[in-house]
Amino acid sequence: MTLKLYAHPFSSYCQKVLVALYENGTPFEWRALSPDNRQLAEEFAALWPIKRFPLLIDEGRTVIESTVIIEYLGLHYPGPVPLVPEDRRAAIEVRTMDRFFDNYLSTPQQKIVFDALRPEAERDARGVADARAMLDTAYGWLDRTMADRTWAAGEHFSLADCAAAPSLFYADWTHRIDAAFPHVIAYRKRLLARPSFARAVDEARPYRPFFPLGAPDRD
Ligand SMILES: N[C@@H](CCC(=O)N[C@@H](CS)C(=O)NCC(=O)O)C(=O)O
């Protein structure tokens, strides 16, 4: 086994990479980060002092950032489901949508969740209001974009859908997707039905009580 993934099953960016691994049946060793395993936490911090996960190690090579990890897997461990098209023009749309989900859904979603973890006196009401407004704007843009698409960049499941799955999953828990955005709601359902993401969601079920805003009784 050459690939080692430092990750947590409940983390959205880790799920993004897990979807890519499960899509292609790529074998890897779980290095499951947990507050109870200090030794592993120290090992992880030594490899990547920024301490953001997931992190992939391939025979001593450190690969950071979920998008780059998925690109790396496609290059060195290709499988039946190519997640980044070889055609560079098609790849631009995939990368555009990948950036959209990370920057304009996951980033504001995490802002709201991390704020809820802070003591009351240290909370950032303005920042949270801005994050909620960003999510509404992003849902609106995505609804128009998904009106005639099955997957984020068209008809093929891609890197962008790996990003979309956990980001829309948790965004809806954090700031409910309004019924005015039916294409976003339908796309989120398609993602939840995709076996790779359904598996990641199932593996993370035991951690739902830790969702700081309270995990809803659905999905
Ligand atoms: N840009 C990074 C983001 C990774 C990230 O923010 N991961 C979260 C978990 S979902 C994390 O490490 N959180 C720990 C912390 O903020 O201390 C990526 O795409 O991998």
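The values are calculated or read from the model by the stated rules, or taken from the named source; none is laboratory data. Here the structure is a predicted model, which is why all the values come from computation and not from measurement. Cβ placement follows ideal geometry from the backbone for every residue including glycine, while neighbour counts extend to all protein chains displayed.
The residue that is nearest to the ligand (Cβ to nearest atom), counting only those in the stretch 91-115 that are touching a residue at least 60 places away in the same chain (Cβ under 8 Å) and among the charged types (D, E, K, R), is 102. Just a yes or no: is a residue in the stretch 28-50 at pLDDT 95 or above and either of a type in the set (Val, Ile, Thr) or under 15 Å from the mean Cα position of the chain (by Cα) (or both)? There is at least one residue in the stretch 28-50 that is at pLDDT 95 or above and either of a type in the set (Val, Ile, Thr) or under 15 Å from the mean Cα position of the chain (by Cα) (or both). With the structure loaded, tell me whether residue 198 is surrounded by fewer than 19 Cβ atoms within 10 Å (Cβ to Cβ), touching a Leu at 6+ places or on another chain (Cβ under 7 Å), assigned to a helix (DSSP H, G or I) and modelled with pLDDT of 95 or more or whether it fails that test. Yes, satisfied. Scanning the stretch 132-173 for residues that are of a type in the set (S, T, N, Q) and either assigned by TED's automatic domain parsing to the domain that holds residue 14 or under 11 Å from the mean Cα position of the chain (by Cα) (or both) gives a single hit, 167. Taken together, the residues in the stretch 121-146 that are surrounded by fewer than 16 Cβ atoms within 10 Å (Cβ to Cβ) and either in contact with a Lys or Arg (Cβ under 6 Å, 6 or more places away or on another chain) or more than 15 Å from residue 177 (Cβ to Cβ) (or both) amount to 9. Of all the numbered requirements in (1) touching a residue at least 24 places away in the same chain (Cβ under 8 Å); (2) surrounded by fewer than 22 Cβ atoms within 10 Å (Cβ to Cβ); (3) in the same structural domain as residue 117 (by TED's automatic domain parsing); (4) under 20 Å from residue 129 (Cα atoms), residue 176 misses one, and that requirement is (1).
Taking the stretch 1-32 as the range and being surrounded by fewer than 19 Cβ atoms within 10 Å (Cβ to Cβ) and of a type in the set (Val, Ile, Thr) as the test, the residues that pass are 2, 26.
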